[in-house]
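Data block below; observations after.
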């Protein structure tokens with residue numbers, strides 16, 4: 001099967017980290033196709049950037065519609081998830097959504113560790129309906145770009161935050177950030193550390209194998225007959241149906 005690993009940030013180094021983590025998790029015979037948007041923020045950190053990245057993500061996915069068996073949104077904000085799920089003819093899952101679903105099989109409560117501010121993740125996990133299972137959210141003082149320029153220092157900060165999260169009751173910990181893809185191999189913890197890319201690949205492989213039909217009714221039915229102006233041709237075609 002072919003799985004698209006679609007970054008919503010325009011930093012190619014982060015796409016590369018996600019692609020490597022996805023290939024490490026994939027079963028034999030699963031082809032990982034990484035992709036980076038042609039426009040948008042280097043790294044999403046604000047509501048405005050996330051909205052811009054949503055358009056970029058949908059354009060990116062439209063270019064691959066009908067050519068892949070599943071889509072993993074390789075962005076910890078799960079940018080444009082519901083719209084992508086409605087638009088695409090194949091299963092779509094967000095990396096933080098995937099990690100949260102797996103976390104709920106690993107204990108009563110889980111934590112999420114990310115870079116910088118945590119408010120957007122509280123909102124995201126609330127939308128996913130899992131906030132009641134969250135023991136805590138922690139933002140370490142580092143940026144995704146520093147993962148690429150000074151990985152050892154960032155890994156040390158993440159390692160230092162893990163003990164506190166376990167003390168607060170986390171029975172598993174989500175490494176919440178596309179730039180954290182693959183970092184778990186360099187960390188130690190007394191509880192499972194969940195990589196959203198790895199979790200997403202394994203869940204997508206299962207969804208593809210289930211061969212569930214695309215909804216023809218309800219909120220995830222594909223758009224039909226929608227006119228537009230100025231959109232990328234592939235995206236406009238999917239809106240027309």
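The values are calculated or read from the model by the stated rules, or taken from the named source; none is laboratory data. The model shown is predicted, which means the values in this text are computed figures rather than measured ones. So basically every Cβ, Gly included, is an ideal-geometry build from the backbone, and we count neighbours across all protein chains shown.
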Task: Test: residue 136 is in contact (Cβ under 8 Å) with a residue 60 or more places away in the chain, over 19 Å from residue 6 (Cβ atoms) and outside the structural domain of residue 51 (by TED's automatic domain parsing) - done: no
Open item on the list: Taking the conditions exactly as written (more than 13 Å from the chain's Cα centre (by Cα) and over 24 Å from residue 233 (Cα atoms)), does residue 28 satisfy them or not?
Closed with: yes
- [ ] Collect the residues in region 34-46 that are in contact (Cβ under 8 Å) with a residue 12 or more places away in the chain and farther than 17 Å from residue 182 by Cα, keeping them in residue-number order.
- [x] 35, 36, 37, 38, 39, 40, 41, 42, 43, 44, 45
- [ ] Those residues that are within 15 Å of residue 99 (Cβ to Cβ) and surrounded by fewer than 21 Cβ atoms within 10 Å (Cβ to Cβ), I need them from region 148-180; list them, please.
- [x] 171
Open item on the list: Can you report the number of residues in region 214-234 which are modelled with pLDDT of 95 or more and within 16 Å of residue 68 (Cα to Cα)?
Closed with: 1
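Kindly indicate whether residue 83 is on the phi < 0 side of the Ramachandran plot, out of contact with any strand residue (DSSP E or B) (no Cβ under 9 Å at 6 or more places or on another chain) and not in a loop (DSSP other than H, G, I, E, B).
Against the criterion (on the phi < 0 side of the Ramachandran plot, out of contact with any strand residue (DSSP E or B) (no Cβ under 9 Å at 6 or more places or on another chain) and not in a loop (DSSP other than H, G, I, E, B)), residue 83 qualifies.
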- [ ] Only residues that are touching a helix residue (DSSP H, G or I) at 6+ places or on another chain (Cβ under 6 Å) and over 17 Å from residue 193 (Cβ atoms): list them for region 125-162, please.
- [x] 125, 128, 130, 131, 144, 146, 148
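Look through region 181-208, keep the residues that are more than 30 Å from residue 157 (Cα to Cα) and in contact (Cβ under 8 Å) with a residue 12 or more places away in the chain, and return whichever of them is surrounded by the most Cβ atoms within 10 Å (Cβ to Cβ).
204
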Task: Residues of region 182-220 satisfying the condition of being in a helix (DSSP H, G or I) and in contact with a strand residue (DSSP E or B) (Cβ under 8 Å, 6 or more places away or on another chain) - done: 183, 184, 196, 197, 200, 201, 203, 204, 205, 207, 208
